[in-house]
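The values are calculated or read from the model by the stated rules, or taken from the named source; none is laboratory data. Just so it is clear, the structure is predicted and the values come from calculations on it, not from any experiment. As a convention, Cβ positions derive from the backbone with ideal geometry for all residues, glycine included, and neighbour counts pool all protein chains shown. With ligands, DNA and RNA removed, areas are computed over all heavy atoms of the protein, side chains included. Shrake-Rupley method; radii C 1.70, N 1.55, O 1.52, S 1.80 Å.
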Amino acid sequence: MNALIKSATIVDSKSDFHNETVDILIEKGRIAKISKRISNPNNYREIKLDNLHVSQGWFDSSVSFGEPGYEERETIENGLNTAAQSGFTSVALNANSNPVIDSYADITFVKSKAQSKATSLYPIGALTKSSNGKDLAELFDMKNAGAVAFYDYQKPISNPNLMKIALQYASNFGGLVCSFPQESKISGKGVVNENINSTRLGLKGNPALAEELQIARDLFLLEYTEGKLHIPTISTAKSVELIRAAKQKKLDVSCSVAIHNLVLTDDSLEGFDTRYKVLPPLRTQSDCDALIEGLKDGTIDMVTTDHNPIDIEDKKVEFDFAKYGTIGLESAFGALQTVFTTKKTIGLLTQGKERFGVKESIIKEGEAADLCLFNPNVNYQFDKSDITSRSKNSAFLGMELNGKTYGIIANNKIVLK
């Protein structure tokens, strides 16, 4: 693949060309030259786009596609195409399919479905067999097949001894164990944040305490085992404090926050719209502020879309019975820019790669082209025409967002909208 990108402003703090507007020559999938002006004698494809900005390719540590078993929600092929058009050159795929991805063969299958795509897929294997929380899955075999972490998606490990053994066992081969932060005996049948809004709307509350107790337990286990832990999608101010203290003790812990938990609050529940039924639930503005501060000071390691397509039959029902989840790839950039500057937004979208075994891609001559192309200065209302996922369950529909992606150049391929 050969191409010439014209007049692009580079946003990459690790690049010598950071904040400069340049041409970028790509030959056979690698950056051959970066300069103020590059001619095109070989008649390569020229990419000229309005207010074009280029950064390293973005990474998402938590996406769900459905396949195998839930192809009506999303296929791997269309999911990766959606990720590419949304600016992501690499994504970590959750194990919540049917059957659950919990073996060497399962990891091999999803990797084979992602071959030759512009966006690279990094599979996460289930932590326990069938994600049932009872017996450890084949962690070492999955690691050898290419699993980058182990996680029972949105299913807490209730047995502390099982979590202890998982951390100890995975530490033998550098495996990353993920633990969903919720104590189910505390959360009970809660479906939204326990707060004045849950009381006013008559919806069962899921208290912040449920998340914080589980995190405190897992951090104690981590300190005891000296393992390697990732806590996905935290949502409360106290959670940030707990993880900040753990990092000060030099524990090997990382965490992420879902973009919708940064931008939206439980005030969105007013109309009982099930698009806002997510897990962990939307919290309060003070929680959002603490999460934003946690990202700014480095306590929170990465953001994620927590992209989870749900079919309409499971969303167009009474709130109590609707499935949890929202899609988020297409809205990620525009939503983050309602909270952060462009520079900070790009930094957040490129963080976390090393934790999940993804190679960093600095924009410099000689490196493989792993690029996101975007326009940071477009204000628009997000609607269904902006969605390329099969499912349309976006919590951001109707919101005013800022910034749009053009696509990516990665794996010797160009994907543009």
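Here is how the numbers come out for the structure above:
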| item | result |
| --- | --- |
| Every residue from segment 202-253 that is in contact (Cβ under 8 Å) with a residue 60 or more places away in the chain, part of a loop (DSSP other than H, G, I, E, B) and among the small types (Gly, Ala, Ser) | Gly227 |
| Segment 398-416 residues that are assigned to a loop (DSSP other than H, G, I, E, B), paired with ones that are among the small types (Gly, Ala, Ser) (beta carbon under 7 Å, 6 or more apart) | Asn411/Ala118; Asn411/Ser120; Asn412/Gly29 |
| One residue from Val317, Val303 being crowded, with 21+ Cβ neighbours inside 10 Å and not charged (D, E, K, R) | Val303 |
| Residue satisfying condition, being within 25 Å of Leu329 (Cβ to Cβ) and either touching an Asp or Glu at 6+ places or on another chain (Cβ under 9 Å) or in a loop (DSSP other than H, G, I, E, B) (or both), within set Ile24, Ile10, Ile31, Ile38 | Ile10 |
| Failed item, numbered, when Tyr153 is tested on (1) modelled with pLDDT of 95 or more; (2) of a type in the set (Ser, Thr, Tyr); (3) open to solvent by 30 Å² or more (accessible area, probe 1.4 Å) | (3) |
| Among (1) open to solvent by 50 Å² or more (accessible area, probe 1.4 Å); (2) modelled with pLDDT under 95 - the single one Asp383 does not satisfy | (2) |
| Residue in segment 193-210 that is closer than 26 Å to Gly352 by Cβ and hydrophobic (A, V, I, L, M, F, W, C) present | yes |
| Whichever residue in segment 175-189 is open to solvent by 10 Å² or more (accessible area, probe 1.4 Å) and assigned to a loop (DSSP other than H, G, I, E, B) and, among such residues, is farthest from Lys323 (Cα to Cα) | Glu183 |
| Positions within segment 222-254 being crowded, with 23+ Cβ neighbours inside 10 Å, over 21 Å from the mean Cα position of the chain (by Cα) and not aliphatic (A, V, I, L, M), in sequence order | Gly227 |
| Criterion: over 21 Å from the mean Cα position of the chain (by Cα) and not aliphatic (A, V, I, L, M) - qualifying residue of Lys392, Lys404, Lys364 | Lys364 |
| Residues of segment 163-174 satisfying the condition of being open to solvent by 20 Å² or more (accessible area, probe 1.4 Å) and in a helix (DSSP H, G or I) | Lys164, Ile165, Gln168, Tyr169, Ser171, Asn172, Phe173 |
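Residues checked against (1) over 18 Å from Asn411 (Cβ atoms); (2) buried (at least 19 other Cβ atoms within 10 Å of the Cβ):
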| site | (1), (2) |
| --- | --- |
| Ala8 | yes, yes |
| Asp12 | yes, yes |
| Gly29 | no, no |
| Ile38 | yes, no |
| Ala84 | no, yes |
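The rows are residues; the columns are (1) touching a residue at least 60 places away in the same chain (Cβ under 8 Å); (2) in contact with a Phe, Trp or Tyr (Cβ under 6 Å, 6 or more places away or on another chain); (3) over 15 Å from Asp60 (Cβ atoms).
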site: Gly298; (1), (2), (3): no, no, yes
site: Val303; (1), (2), (3): no, no, no
site: Asn308; (1), (2), (3): yes, no, no
site: Gly325; (1), (2), (3): yes, no, no
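This table checks each residue for (1) assigned to a strand (DSSP E or B); (2) of a type in the set (A, V, I, L, M); (3) over 18 Å from the mean Cα position of the chain (by Cα); (4) buried (at least 18 other Cβ atoms within 10 Å of the Cβ).
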residue	(1), (2), (3), (4)
Pro99	no, no, yes, no
Ile107	no, yes, yes, yes
Gln115	no, no, yes, no
Leu121	yes, yes, no, yes
Ile124	yes, yes, no, yes
Ser130	no, no, yes, no
Phe140	no, no, yes, no
Lys143	no, no, yes, yes
Ala147	no, yes, no, yes
